[in-house]
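Following: one structure in structure tokens, then a few remarks.
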Amino acid sequence: MPINDALQRLQRIYDLHERFCADQTFACRRGCAPCCTANVTLTTLEARAIDRHWARTGEKPPTARLQQAARHPRFRPRLTTNQLAAICAAGGEPPDEASDPAAGPCPLLNDTICTIYPARPFGCRAMVSHTDCARHGTADMPDRVLAANTLFLQFIEALDQNGRTGNLTDLLLWLLSGSTAPPTDLAANRTIPVLMVPPEHHTALLPLLGDLRPILADLTG
Ligand code: SF4
């Protein structure tokens with residue numbers, strides 16, 4: 001798929017997520033950044049969207065900060081969302097993959113402001129909370145939103161089914177290296193084997209599914 005087409009579809013998914021969240025009130029606001037850690041993950045296509053943002057705005061990628069972040073511990077997923085779905089569908093037990101609590105702040109953060117906010121990946125968009133995480137120590141995310149986020153992740157991965165999923169620092173450094181082949185040491189994206197929607201949310205999420213499906217209608221999965 002031509003890259004411009006893929007990026008437009010990605011933006012449609014992001015816009016859909018924004019509309020999905022529009023009828024809810026969240027405590028998230030500009031300058032609130034406890035969830036902005038070096039553990040954030042994304043797909044290769046989402047990394048390209050950030051690169052496009054830099055090219056469009058003329059902002060320079062923070063290469064030194066990314067290189068510094070690469071020297072510290074961070075969450076590096078071994079499995080993608082759709083790989084996990086395939087394991088669950090086969091009756092297997094998915095391995096535990098916990099975020100690294102020692103990860104520092106996201107290298108794209110400037111003080112408490114995201115420097116690429118319009119192009120931030122879905123992993124960041126998904127982090128919404130009804131209450132102030134800084135005050136309560138944890139995000140308060142309704143189950144329906146959590147279930148919808150998994151659906152969004154499945155479609156975003158399928159859109160980039162020949163790409164990879166990995167840590168933001170690793171994927172941006174790969175992109176900035178000028179390499180065109182996807183990094184083979186990161187988790188390989190795939191099509192959607194089965195939708196991971198808990199039964200209690202089936203009905204509520206049907207309209208969302210109806211909006212997501214046409215975006216990938218001509219792709220397999
Ligand atoms: S990309 Fe932006 S929104 Fe996402 S974790 Fe980094 S600073 Fe926060």
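Reported to the nearest whole Å, the Cα centre-to-centre distance from the range 23-41 to the range 200-215 is 25. The portion of the accessible surface of the range 157-207 made up by carbon and sulfur, rounded to a whole percent, is 57 (1.4 Å probe; DNA, RNA and ligands excluded). Using the average count of surrounding beta-carbon atoms within 10 Å as a protection proxy, the listed peptides 138-147, 154-163 rank, highest first, as 154-163, 138-147. Amide hydrogen proximity for residue 187: with H placed 1.01 Å from N in the peptide plane, the residues at 5 or more positions away or on another chain lying under 5 Å are 165. Within the shell defined by Cβ-Cβ distances under 12 Å, the residues around residue 182 carry a net charge of -1, with Lys and Arg each +1 and Asp and Glu each -1. Positive contributions from Lys and Arg (+1) and negative ones from Asp and Glu (-1), summed over other residues with Cβ under 15 Å from the Cβ of residue 101, come out at -1. Scaled to the globular estimate 2.2 N^0.38 Å, the Cα spread of the chain, given as radius of gyration, is 0.99. Remark: spin-label model distance residue 30-residue 194 equals 4.5 nm, labels positioned 7 Å along the Cα→Cβ axis. If you plug the beta carbon distance of residue 202 and residue 78 into 1/(1 + (r/R0)^6) with R0 = 30 Å, you get a FRET efficiency near 0.55. Cα centroids of the range 48-99 and the range 116-191: 6 Å apart.
For residue 37, nonlocal amide neighbours, meaning residues 5 or more places apart or on other chains whose placed amide H falls under 5 Å from its own, are 106. The H on the amide N of residue 131, modeled in the peptide plane, is under 5 Å from the matching H of 27, 140, each at least 5 residues off or on a different chain. Normalised per residue, the accessible area of the range 3-216 is 51 Å², obtained with a 1.4 Å probe and no contribution from ligands, DNA or RNA. Karplus-derived 3J(HN,Hα) values for the range 26-35, using 6.51 cos²θ - 1.76 cosθ + 1.60 with θ = phi - 60°, are 10, 7, 4, 8, 4, x, 9, 9, x, 8 Hz; glycine and proline are entered as x. Summary of packing: across the peptides 69-81, 165-177, 197-209, the per-residue average of other C-beta atoms within 10 Å ranks them, highest first, as 165-177, 69-81, 197-209. A Förster distance of 25 Å, applied to the separation of the beta-carbon atoms of residue 185 and residue 64, puts the FRET efficiency at 0.65. Here the label points at residue 125 and residue 176, each 7 Å from Cα along the C-beta direction, are separated by 2.4 nm in the simple model.
The values are calculated or read from the model by the stated rules, or taken from the named source; none is laboratory data. In this text the structure is predicted, and so the values were computed from the model without any measurement. So basically every Cβ, Gly included, is an ideal-geometry build from the backbone, and we count neighbours across all protein chains shown. Note: areas computed on protein heavy atoms with side chains; ligands, DNA, RNA excluded. Shrake-Rupley method; radii C 1.70, N 1.55, O 1.52, S 1.80 Å.
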